[in-house]
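Below: the structure, in structure tokens.
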Amino acid sequence: MILSDKKILEAIDSGAIVIEPFNRDCLGTNSYDVHLGKHLAVYEDEILDAKKHNKIKEIIIPEEGFVIHPGTLYLGVTQEYTETHNSVPFLEGKSSIGRLGIDIHATAGKGDVGFCNTWTLEISCVHPVRVYEGMPIGQLIYFLVDGDIENYYNKKKNAKYNTRTIKPVESMMWKNKF
């Protein structure tokens, strides 16, 4: 079941959902709009290795915006810090972003119950597009969980993305055992 605007507000009031900063104008019928933070990052190496820590280079979006280009994966971050304690958050791009040819995630559109952080975005585009800090970039949709939860993300010992940040976080695949 997807939470309605009223149910999202109830969850915020009870602390089951946290959105910081929260702006009532960003609440849709059944979603909450999130915005692009000022930090982007790109990988330093052309060839990435899933078993190694791939370093990133930080980009600060200037006031006049930053042009993203096809063929490059940009890691972005939401301005909003979120927590979910009884629902599964899904992050989807806004239709206006899609109509500019921008994708905001490659595969990681679903958060886990207990995820407490900003969202790292996996941004790609089909042609050059100028992006700006603070522009609406996506929307969070919340699905209520049926049943008790044993393994909250923020309490997992092996959770790789628990450190609170305002910057995009590179892949931590290299921390997995394979």
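Details
- Among the residues of region 143-164, those that are surrounded by 12 or more Cβ atoms within 10 Å (Cβ to Cβ), under 24 Å from residue 51 (Cα atoms) and out of contact with any Phe, Trp or Tyr (no Cβ under 9 Å at 6 or more places or on another chain) comprise 156, 160.
- Some residue of region 56-68 being outside any loop (DSSP other than H, G, I, E, B), free of Cβ contacts under 8 Å to residues at least 24 places away in the same chain and closer than 15 Å to residue 133 by Cα: yes
- Within the option set 41, 108, being of a type in the set (A, V, I, L, M, F, W, C), touching a Lys or Arg at 6+ places or on another chain (Cβ under 8 Å) and closer than 30 Å to residue 177 by Cα holds for one residue only, 41.
- For residue 124, the conditions (1) surrounded by 14 or more Cβ atoms within 10 Å (Cβ to Cβ); (2) at positive phi are fulfilled apart from (2).
- Taking the criterion of being surrounded by fewer than 13 Cβ atoms within 10 Å (Cβ to Cβ) and under 21 Å from the mean Cα position of the chain (by Cα), the residues of region 54-69 that qualify are 55, 57, 58, 60, 62, 67, 69.
Quick grid of which residues meet (1) under 23 Å from residue 133 (Cβ atoms); (2) acidic (Asp, Glu); (3) touching a Ser or Thr at 6+ places or on another chain (Cβ under 9 Å):
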residue	(1), (2), (3)
12	no, no, no
23	yes, no, no
26	yes, no, no
29	no, no, yes
45	no, yes, no
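- Residue that is modelled with the lowest pLDDT [pool: residues in region 71-127 that are more than 16 Å from residue 164 (Cβ to Cβ), β-branched (Val, Ile, Thr) and out of contact with any helix residue (DSSP H, G or I) (no Cβ under 9 Å at 6 or more places or on another chain)]: 107
- Conditions (1) loosely packed, with under 11 Cβ neighbours inside 10 Å; (2) over 30 Å from residue 156 (Cβ atoms); (3) in contact with a helix residue (DSSP H, G or I) (Cβ under 7 Å, 6 or more places away or on another chain); number of the one not met by residue 51: (2)
- Count of residues meeting criterion [in contact with an Asp or Glu (Cβ under 6 Å, 6 or more places away or on another chain), surrounded by 14 or more Cβ atoms within 10 Å (Cβ to Cβ) and not in a helix (DSSP H, G or I)] in region 5-32: 3
- Residue match in region 104-113 (condition: part of a strand (DSSP E or B) and loosely packed, with under 15 Cβ neighbours inside 10 Å): yes
The values are calculated or read from the model by the stated rules, or taken from the named source; none is laboratory data. Remember, predicted model here, so these are calculated numbers, not experimental data. Using ideal geometry, Cβ is built from the backbone for each residue, glycine included, and neighbour counts are taken over all protein chains shown.
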